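Data block below; observations after.
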Amino acid sequence: MPCFQLVSMKMKMPKSFAASVLFIIWHLISSGSSSRAQACTFYISNKCPFPIWPATASNTGQPVIANGGFYLPPAQTKTIQAPGSWSGRIWARTGCNFNSDDTKFDGVPACETGDCQGQLECNGKIGLPPATLVEISLQADKSKPSFYDVSLVDGYNLPVSVSTKPASKKCLIGGCQKNLKNACPEELQILNSKGEVAACKSACLAFDDDKFCCRNEFGSPETCKPSVYSKIFKDACPSYFSYAFDTPTPLVNCPSDAYVITFCPSKWGGENTDM
């Protein structure tokens with residue numbers, strides 16, 4: 001369902017009893033509906049050749065959407081709703097293995113990447129980096145643009161694209177042009193149980209150094225510059241934030257009531273078979 005806002009209508013009270021009953025029923029329904037906030041639609045699509053577990057984390061004061069996470073097989077799309085003024089992040093977890101009771105966290109991640117305390121439904125918990133993040137800030141007034149970006153500030157696990165529906169070229173964030181896992185330096189690599197690169201840390205996450213994290217004396221665009229590591233990220237994924245003060249900003253602003261978020265996009269500057 002696209003974004004909407006129901007507006008109460010003024011009607012004269014019908015004269016007949018039957019019509020009066022229908023009016024009362026209509027009034028009760030419309031009154032309840034008109035109090036609803038605007039809603040927005042996200043289409044979460046998995047074009048990876050393996051299952052993923054998309055997750056959501058809302059910003060402070062925002063409601064949890066889609067219970068914070070769900071399972072998504074290859075070639076499937078899930079439609080989720082969010083308030084028209086929602087803001088938060090969406091990412092994909094990979095290599096997950098949930099027990100029948102996923103409500104207890106014993107310190108062992110259930111997912112190779114993006115894990116949220118071992119739970120299928122993150123319920124507001126932020127995922128464990130590194131993971132590619134889609135960051136969104138919606139505007140309830142759809143005549144005004146919403147803001148969104150894809151960030152590798154904490155690292156990378158999958159390529160992703162973001163587009164409006166209907167599609168608009170100026171509103172598109174494309175996927176990656178190269179396989180970043182192949183380009184990931186050894187000191188940034190996260191390996192899975194098979195010894196394969198499952199994700200790539202950012203330099204900030206790997207070294208916790210102010211000059212990579214753009215903080216303290218490096219906390220401004222003038223003092224925090226691209227590093228050899230952020231340049232590797234940028235070369236592979238030019239439409240994403242490669243570090244905190246990436247310029248020109250990859251932030252996109254477009255008014256829309258529906259967004260398509262595709263993991264492992266195949267036709268928008270990325271591959272869906274070589275992650």
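Assorted remarks:
- Solvent-accessible area, 1.4 Å probe, carbon plus sulfur percent, for the range 154-268: 51
- The count of lysine pairs in the range 112-226 with alpha-carbon distances below 21 Å, taking only pairs 8 or more places apart or on different chains, stands at 14.
- Amide H contacts for L133 (H built 1.01 Å from N in the peptide plane; partners 5 or more residues away or on another chain; cut-off under 5 Å): S151.
- Rounded to whole Hz, the Karplus (6.51, -1.76, 1.60) HN-Hα couplings of the range 236-248, x for glycine and proline: 7, 10, x, 8, 9, 5, 9, 7, 4, 10, 4, 9, x
- Each Lys and Arg adds +1 at its Cβ and each Asp and Glu adds -1 at its Cβ; summed about the Cα centre, the range 185-275 shows a dipole of about 140 debye.
- Dipole of the range 170-275, positive end: most advanced residue of N216, G195, L172 [Cβ charges, Cα centre]: L172
- Think of each Lys and Arg Cβ as +1 and each Asp and Glu Cβ as -1; about the Cα centre, that makes the dipole of the range 121-275 roughly 540 debye.
- Directionally averaged shadow of the range 96-230, computed from the convex hull of its alpha-carbon atoms, nm²: 11.6
- Each Lys or Arg adds one and each Asp or Glu subtracts one; over the other residues with Cβ under 10 Å from the Cβ of K211, this totals -1.
- Peptide packing: for 125-133, 151-159, the average count of neighbouring Cβ atoms within 10 Å per residue gives the ranking 151-159, 125-133, highest mean first.
The values are calculated or read from the model by the stated rules, or taken from the named source; none is laboratory data. Note that the structure is predicted; figures quoted are calculated from it, not measured. We place every Cβ from the backbone using ideal geometry, glycine too, and count neighbours over all the protein chains shown. Note: areas computed on protein heavy atoms with side chains; ligands, DNA, RNA excluded. Shrake-Rupley method; radii C 1.70, N 1.55, O 1.52, S 1.80 Å.
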